[in-house]
Structures are given as C-alpha cells and as structure tokens.
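Undergrad: One structure, pasted below without further comment.
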Protein chains: 2
Amino acid sequence: MNILIVHAHPEPQSFTTSLKTTAQQTFKKLGHRVEVSDLYAMQFSPVASKEDFLELNQPDYFNYALEQRNAAKQNLLAPDIQAEIEKVKRADLIILNFPLYWTSVPAILKGWIDRVFVSGLFYGGKRFYNHGGMAGKKAMLCLTLGGRTHMFGENSIHGPIEHYLSPIQRGTLAYSGFEVLPPFIAYHVPYISQEARETILEDYITYLTHLDQLEPLKFPKLEEFDEKLYPL
Amino acid sequence: MNILIVHAHPEPQSFTTSLKTTAQQTFKKLGHRVEVSDLYAMQFSPVASKEDFLELNQPDYFNYALEQRNAAKQNLLAPDIQAEIEKVKRADLIILNFPLYWTSVPAILKGWIDRVFVSGLFYGGKRFYNHGGMAGKKAMLCLTLGGRTHMFGENSIHGPIEHYLSPIQRGTLAYSGFEVLPPFIAYHVPYISQEARETILEDYITYLTHLDQLEPLKFPKLEEFDEKLYPL
C-alpha cells in the first residue's frame, strides 16, 4: 500500500507527533510505502484565496469552488496544492493525524482540506459519497484529546464524539468517496503517565497492523436516493 | 448592545458578504454598536504557533494551551490576538458569518477560534458550558451553503445539519459560556435567483430585529454532572 499521513502538530516532541512516527515506522516494517505531509514543518498555508490559482477564470467575481474546477482542468493550481493532490492520488490510505482543537481539526489541517480537496477532482455534480472522486481509497483519523472517555457518548457531558467528527468523517472524507475506517482516539493525553502513553502507542501499532479487520464506518449510498436526492 | 460580526469570505461582492453588511446596517438602525472583524480583509493568520506569544513560558516543549494560559495572565499574547479578545470582551453578541466549507467553518475562521479563544479566559478548570468564561454573552452563526433544505435532517442524504455545526455551536461557543441562538442558514445560495436572494436578506433583517424572541439552543449545565463529570 501507499500511505499518506497528514500531520498537524507544532511540537516535534508531542505525543501526537509520536503517533505519527509510530505509524510511519509500523507501515514501513509491514512493507508499505509512507509519505508524510508535516503541515507545520512545511509551513503549509491554510487560507483559501486567489493566490491558489495561477490564473483566474473570473477575476471580477471570486468563486472559490468554480476557480478550483477550472484550475484542476487547466493545470492552474498553485504548486503547493498540486503537490498535495499528487500525494493523495498516489495513496491507497490517508491518515489525518492531529490534536483535537475545539472539538475539530486545527486550522492548518482544515485549510489543507479547503485548498487540496478541489471541486472537479474530489467531487462534482453527482460524484459524491460512494461515487466521490476518491472512491477506492481509504481514510482514517488518528487524534489526541484532553477529555476522558466517559465525557463523550449519549447523555454524557459533551455528547457523542461522532457528532464532532462528522464534518471531517462524513462531510469531507466519505463525501469525497473515501472508505472511512474507525478513528483511533487517544483520550486524556495531557494528563496521563509516560507508561499509559506507551500503552497507547502499542495499541496503535496493533490497530495499524490489523487495519484490514476493521469494519468501515457506514455512510449513505447515492443509490438509496432519487434524482433530486430525496430518500427512495 | 455591542455586536461583533466575524466575517470570513474572500469575495466582497458575495452573498455571504451581503449578509454581513445587512446585519451591520440593521443593527445600526436599531441603535446598536457594531464592530466587524473581516478576516480576509485583515489577512488574519489562522495558524496557532509560537509566534502567538511575545515570550514562551516553556521554550523547550511547546504546549499551545499552556502558553495561552500563561500569556493571557502575563499580557504576552501577540497584538493581533489581543485586539480580537478585546472585541469579544466588548461584545454582548457575536455573529460568525461564513460560507460552509466542507460542512464546517473556513480555515481562516477556525484559526480565529484556535488563536483567540485562549485558555484561562474563555475556559479553564471547571469553567465551561454555563460556567464558561463568556457566560452572559450571546453568539449566533449566519451561514451560506450550496445544498437544499431537504438534503439535511434525519434520514436525508447528509443527515442533520446540527451534527455538522456541533463543533462550533456546542464544542466551541456553548463550551465557552455563550448562550447560542439558533443559526440563520441560507440554503442553495449559488443556484438561486437574485429575487430569492433578496427574500433571504429580508428574512435576515426580520430575524435580527426579533433576536430577543428566539429560544436559545439547549446545552448541558455543569450542575447536571458530578465532580468527575458523570451525569447525576
């Protein structure tokens, strides 16, 4: 397999970075090829803007999605975006590796999605969910957070973690056609012992070694809806 | 009332920008004071980084939340962050005004939250939800999107819009203590007529004129949980 890890943590000694490195090493041992986009190290710009296109199709009224569609067709995407698209194209599996900031991805990772998941290639017209542009590829989240497991779930103080992850897992990855594997979540990270952290890293190695045994998350299929996207 | 509108669209002629301007004008007519943070016009940096602090408390291991807590106490926050914090402090109501990008906020707005909602001021220890740092203030989303209303909700193709908005409405605004008003959502915007757009702007004026009649969204209260945050 070709694997792309997109990593978004500013501290190279962080536990989130250790998870990234653990995945890198584990996949290499298993004989896979691994690429890493270390967004902080790359100083990746997260702001969707006119600078993302070598030429604008409609310079007097800036519509980001329309410019993406045009630029993807005409090879007019900025080089940093095009490079990330090539990495995603090469990958059979992408892993987004990040600390949960405000129950969501850090802005630098959100901007990687906003800028790289271009209209026309990742989705467009009726090409989404199981017909999305990335159909045939897998994706997975690996995240760290401060809360404890009992703080998430129905009737818990924060509610189900799945709701917070739905913009990324459903609205982004599944929508673009990726088969989404269950997330690997490291809870309570800032407050646990070195020993507990090592246990999590061992669990992650086991998780990654048996990815093919994971049941992918369930999302809608276009065939369950009519032409206007009403349920059949 | 003092109102802060945080606006995140790169095109000044966009419908999302018209919603911002409409809110600005409506509130002024009603006698309120309005400030606007136009993130694209300000070239607001969304990347949480070491540059956010005039001095680091722990330069050899960068922990963003801990540095925020220290810097908020010692007046060591970067001037662009401190300026936004002052705007939020002055405001009785904040409106986040944005186009939905990947069922979520654009990266530039996510970064405004990551950098401005600092630990120690907005939350910290047992100060969250109804005891959050911003308790007593209101907040509201105004967003535009491409989908139609029937594509969202239980059993619809994309599921409930509330799930996608939960990182921002629950995990961010309610968590920080804001009373969250129901969002104003403009559907199908890229595909509708000028007349339909004008109707939405009129509806928005009516909405904003009767804010005090809106029932705030419901979120947990700390009193419903024990010391370890298990439900009572």
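Undergrad: Could you pull out every one of the helices (runs of 4 or more DSSP H) wholly within the stretch A:30-98 that has 2 or more residues that are more than 14 Å from every other protein chain (Cβ to nearest Cβ) and in contact with a Leu (Cβ under 6 Å, 6 or more places away or on another chain)? Break it down stepwise before answering.
TA: Working: elements: A:39-42, A:64-74, A:79-90.
Counting at least 2 such residues, we get A:64-74.
Undergrad: When only residues in the stretch B:1-29 that are part of a loop (DSSP other than H, G, I, E, B) and without any contact (Cβ under 8 Å) to a residue 40 or more places away in the chain count, which is nearest to the chain's Cα centre (by Cα)?
TA: Step one: filter the stretch B:1-29 for residues part of a loop (DSSP other than H, G, I, E, B), giving B:1, B:8-14.
This time we only want the ones that are without any contact (Cβ under 8 Å) to a residue 40 or more places away in the chain, so: B:10-13.
Values: B:10: 17, B:11: 20, B:12: 20, B:13: 22 Å.
Looking at the filtered set, the residue picked out is B:10.
Undergrad: While we're on this one: Collect the residues in the stretch B:40-92 that are loosely packed, with under 13 Cβ neighbours inside 10 Å and within 15 Å of residue B:110 (Cα to Cα), keeping them in residue-number order.
TA: Residue satisfying the conditions is B:43 alone.
Undergrad: Would you check which residues across the stretch B:114-130 are over 19 Å from residue B:47 (Cβ atoms) and basic (Lys, Arg) and list them?
TA: Within the stretch B:114-130, B:126, B:127 qualify.
Undergrad: Please enumerate the residues belonging to the stretch B:115-162 that are assigned to a strand (DSSP E or B), buried (at least 21 other Cβ atoms within 10 Å of the Cβ) and in contact with a helix residue (DSSP H, G or I) (Cβ under 6 Å, 6 or more places away or on another chain).
TA: Once the filter is applied, which keeps residues that are assigned to a strand (DSSP E or B), buried (at least 21 other Cβ atoms within 10 Å of the Cβ) and in contact with a helix residue (DSSP H, G or I) (Cβ under 6 Å, 6 or more places away or on another chain), the stretch B:115-162 yields B:139, B:142, B:144.
Undergrad: Further, regarding this structure: Within the stretch B:77-125, how many residues are polar (S, T, N, Q) and more than 15 Å from the chain's Cα centre (by Cα)?
TA: Result for the stretch B:77-125: 2.
Undergrad: Then there is this: Let me confirm something: among B:173, B:181, which residue is in contact (Cβ under 8 Å) with a residue 12 or more places away in the chain, of a type outside the set (Lys, Arg), touching a Leu at 6+ places or on another chain (Cβ under 7 Å) and within 22 Å of residue B:90 (Cα to Cα)?
TA: Among B:173, B:181, only B:181 is in contact (Cβ under 8 Å) with a residue 12 or more places away in the chain, of a type outside the set (Lys, Arg), touching a Leu at 6+ places or on another chain (Cβ under 7 Å) and within 22 Å of residue B:90 (Cα to Cα).
Undergrad: Then there is this: Residues to consider are A:161, A:205, A:157; find the one that is in contact (Cβ under 8 Å) with a residue 24 or more places away in the chain, under 30 Å from residue B:221 (Cβ atoms) and of a type in the set (A, V, I, L, M, F, W, C).
TA: After applying the criteria, what remains is A:161.
Undergrad: Only residues that are among the hydrophobic types (A, V, I, L, M, F, W, C) and away from chain B (no Cβ under 14 Å): list them for the stretch A:1-29, please.
TA: Of the stretch A:1-29, the ones among the hydrophobic types (A, V, I, L, M, F, W, C) are A:1, A:3-6, A:8, A:15, A:19, A:23, A:27.
Of everything in the stretch A:1-29, those that are among the hydrophobic types (A, V, I, L, M, F, W, C) and away from chain B (no Cβ under 14 Å) turn out to be A:1, A:3, A:4, A:5, A:19, A:23, A:27.
Read the figures in this text as sums done on the coordinates, not as results from a lab. Not measured: the values here are computed from a predicted model. So basically every Cβ, Gly included, is an ideal-geometry build from the backbone, and we count neighbours across all protein chains shown.
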